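Comments concern the structure below.
None of the figures in this text is laboratory data; all of them are computed from the coordinates on show. In this text the structure is predicted, and so the values were computed from the model without any measurement. Here Cβ is always computed from backbone atoms with ideal geometry, including for glycine, and neighbour counts include all displayed protein chains.
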Amino acid sequence: MDDKNTDFPQYRKLANGLRFYKINSAIDFEELQTVGNKVYHFKFTAEQYPEKLRIMDMLDIGTEHYEILSTESWDTKLMTARN
């Protein structure tokens, strides 16, 4: 992946809407995971190649697994996680 042409942060969500992602760089991302009526916030740094591939997959909007997410949707979900 050539992150020189990618502006960060980028926002994605899984097609099922249960996980939201904020991709801060080619190796750092945050995840908001909905489990029942709770939202959990996780931060990840990709150190191994498979983890970096996951980020590249999230950035590839041509896949059927991830959809583009708005900044506002991320912020709203993040507020839910903090409450």
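Scanning region 52-68 for residues that are out of contact with any strand residue (DSSP E or B) (no Cβ under 6 Å at 6 or more places or on another chain) and closer than 23 Å to T80 by Cβ turns up H65, I68. On the stretch given as region 44-73, residues that are out of contact with any Phe, Trp or Tyr (no Cβ under 8 Å at 6 or more places or on another chain) and surrounded by 10 or more Cβ atoms within 10 Å (Cβ to Cβ) total 10.
When the criteria are applied in full, K13 meets the requirement of being touching a residue at least 60 places away in the same chain (Cβ under 8 Å), among the basic types (K, R) and touching a strand residue (DSSP E or B) at 6+ places or on another chain (Cβ under 6 Å). Residues in region 52-80 that are assigned to a helix (DSSP H, G or I), touching a residue at least 24 places away in the same chain (Cβ under 8 Å) and either under 14 Å from Y11 (Cα atoms) or in contact with a Ser or Thr (Cβ under 8 Å, 6 or more places away or on another chain) (or both): I55, M56, M58, L59, T71, S73, W74, K77, L78.
Residues in region 16-51 that are within 29 Å of N83 (Cβ to Cβ), within 12 Å of the chain's Cα centre (by Cα) and outside any strand (DSSP E or B): 4 in all.
The set of residues in region 26-43 being surrounded by 11 or more Cβ atoms within 10 Å (Cβ to Cβ) and of a type in the set (G, A, S) consists of A26 alone.
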